[in-house]
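In what follows, a single structure is set out as structure tokens and then discussed.
The values are calculated or read from the model by the stated rules, or taken from the named source; none is laboratory data. If you're wondering where the values come from, they're calculated on a predicted model, not measured in any experiment. All Cβ positions, glycine included, derive from the backbone under ideal geometry; neighbour counts span all protein chains shown.
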Amino acid sequence: MLCKKNGGLMAVMIAVLVCLISANPSHSATAHENKSAALPDTGSLSVETKGTGPALVFIPGLNSGKETFSATCDHFQKNYQCHLLQLPGFAGHPATPVLQPDFLIAMRDEILTYLNKHKLQKITLVGHSLGGTLSLMLALKAPELFDKLVIVDALPFYPAIHNPALTAELMRPQAEQMRAMMDNQSQADYEKNAAANMQGMSNNPARLPLLLEWSKHSDRATTTQAMAALMTTDLRSDIAAINRPTLVLGAWAAYKAYGSTKESTAGIYQLQYAKLKNVDIRLSDTGYHFLTWDDGDWVNQQISEFLSAK
């Protein structure tokens, strides 16, 4: 998502963070089931499985439902088993009973518990936005479980989009300021700001009501904690330790009116992923942030090529 005041590429959570702060100076396992199945929750995480074959584990983004990947899973479930994860507190799903200090670390560990419980190996992770950040964190924590990574419109350190010199420590005071401000907003102001930042999330206006519903029915404390964690999680150097093939699919078309080009956006991705070995960065020509909706055939083609490559 783009923060119109500042211009440039912004994922949805960073658009909310930057705009609010600037406006208020005082963010391979093989399965044997052919039908859809809901596996028991692991902690506060819920999972739906579909298909048969090696594991594809889908992780949606901030305030998002697992339906982000429904069509993607439908395309792959004849040859793979989809594990559609739903993160707690988002899109109307119950929040975790006790929020941990760092939402991303807590979710990383909960996902690992799920993967180990079901003895999944040689997994391909497919993460969108915040889910992409989690995918990188999972590959760093337990590299032996994963075969390949697919990162959909996510960056190793969002706040550095405009200023590569920013660090997690420099962002920490702003993250805490943002969280306190958003936690104390009236519900009407909170929903108004969220709605304003939905424009540019999808190139299909018919998708916006669902995005608004997801935002409205996400737990606010979980949302602000997750956003604060994203603002202070810098993986740009850490990803040098990842040795799994990684496909990064990016979006830029929503930001064309504000001066972004495909080339300038590619430069942002290349700089942020510079230390990641064996990375393949590809940008959609037409899709916005929700690429699996906006340019689904292209996404499926890129993932198919990536999975079939030796």
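Return the pairs, sorted by first residue and then second, in which the second residue is surrounded by fewer than 21 Cβ atoms within 10 Å (Cβ to Cβ) and part of a loop (DSSP other than H, G, I, E, B), the first residue lies in the stretch 157-179 and is aromatic (Phe, Trp, Tyr), the beta carbons are less than 6 Å apart, and the residues are 6+ apart or on different chains.
From residues that are aromatic (Phe, Trp, Tyr), the pairs are PHE157/ASP234; PHE157/ARG236.
Please find, among ALA106, ALA154, the residue that is modelled with pLDDT of 95 or more and either over 22 Å from LEU291 (Cβ atoms) or out of contact with any Gly (no Cβ under 8 Å at 6 or more places or on another chain) (or both).
ALA106
Do you know which residues across the stretch 49-84 are in a strand (DSSP E or B) and buried (at least 24 other Cβ atoms within 10 Å of the Cβ)?
Selection gives ALA55, LEU56, VAL57, PHE58, ILE59, GLN81, CYS82, HIS83, LEU84.
Looking at the stretch 247-263, can you tell me whether even one residue there is out of contact with any Cys (no Cβ under 8 Å at 6 or more places or on another chain), among the charged types (D, E, K, R), surrounded by 15 or more Cβ atoms within 10 Å (Cβ to Cβ) and farther than 22 Å from THR72 by Cα?
Here is the first cut: in the stretch 247-263, the ones out of contact with any Cys (no Cβ under 8 Å at 6 or more places or on another chain) are 247-263.
Imposing the further condition that a residue be among the charged types (D, E, K, R) reduces the set to 256, 262-263.
This time we only want the ones that are surrounded by 15 or more Cβ atoms within 10 Å (Cβ to Cβ), so: none.
The answer is no; no qualifying residue exists.
Anything in the stretch 208-246 that is of a type in the set (Ser, Thr, Tyr), in contact with a Pro (Cβ under 9 Å, 6 or more places away or on another chain) and buried (at least 17 other Cβ atoms within 10 Å of the Cβ)? List them, or say none. Full working, then the answer.
Narrowing the stretch 208-246 to residues of a type in the set (Ser, Thr, Tyr): 215, 218, 222-224, 232-233, 237, 246.
Next, from what is left, pick out any that are in contact with a Pro (Cβ under 9 Å, 6 or more places away or on another chain): 222, 232-233, 237.
Across the stretch 208-246, the qualifying residues are THR222, THR232, THR233.
Among the residues of the stretch 117-160, what is the count of those that are outside any helix (DSSP H, G or I) and closer than 27 Å to GLY200 by Cα?
The number of residues fulfilling the criteria is 14.
For the stretch 230-287, give me the residue count where each residue is among the polar types (S, T, N, Q) and under 16 Å from the mean Cα position of the chain (by Cα). First the steps, then the outcome.
Filtering the stretch 230-287 down to residues among the polar types (S, T, N, Q) leaves 232-233, 237, 243, 246, 260-261, 264-265, 270, 272, 278, 284, 286.
Those left that are additionally under 16 Å from the mean Cα position of the chain (by Cα): 232-233, 246, 272.
Selection size over the stretch 230-287: 4.
Within the stretch 88-101, work out how many residues are touching a Ser or Thr at 6+ places or on another chain (Cβ under 8 Å) and on the phi < 0 side of the Ramachandran plot.
8
Is it the case that GLN185 is in a loop (DSSP other than H, G, I, E, B) and either in contact with a Lys or Arg (Cβ under 9 Å, 6 or more places away or on another chain) or at pLDDT below 95 (or both)?
Judged against the criteria, GLN185 is a match.
Only residues that are of a type in the set (D, E, K, R) and assigned to a loop (DSSP other than H, G, I, E, B): list them for the stretch 289-310, please.
Restricting attention to the stretch 289-310, the residues satisfying the condition of being of a type in the set (D, E, K, R) are 294-295, 297, 305, 310.
Matches in the stretch 289-310: ASP295, LYS310.
Within the stretch 194-207, is even one residue within 28 Å of THR265 (Cβ to Cβ), among the basic types (Lys, Arg) and not in a loop (DSSP other than H, G, I, E, B)? Don't jump to the end; show me each part of the working.
Within the stretch 194-207, the subset within 28 Å of THR265 (Cβ to Cβ) is 194-207.
Still in the running and among the basic types (Lys, Arg): 207.
Now drop any that are not not in a loop (DSSP other than H, G, I, E, B), which leaves 207.
The answer is yes, given that some residue of the stretch 194-207 is within 28 Å of THR265 (Cβ to Cβ), among the basic types (Lys, Arg) and not in a loop (DSSP other than H, G, I, E, B).
Is there a residue in the stretch 202-222 that is at pLDDT 95 or above and in contact with a strand residue (DSSP E or B) (Cβ under 7 Å, 6 or more places away or on another chain)?
Among the residues of the stretch 202-222, not one is at pLDDT 95 or above and in contact with a strand residue (DSSP E or B) (Cβ under 7 Å, 6 or more places away or on another chain), which makes the answer no.
Go through the stretch 231-286 and report how many residues are farther than 28 Å from MET178 by Cα, not aliphatic (A, V, I, L, M) and not in a helix (DSSP H, G or I).
Residues flagged as farther than 28 Å from MET178 by Cα, not aliphatic (A, V, I, L, M) and not in a helix (DSSP H, G or I) within the stretch 231-286 amount to 13.
Scan (1) modelled with pLDDT under 95; (2) in contact with a helix residue (DSSP H, G or I) (Cβ under 8 Å, 6 or more places away or on another chain); (3) surrounded by fewer than 20 Cβ atoms within 10 Å (Cβ to Cβ) for the single condition ALA194 breaks and write down its number.
(3)
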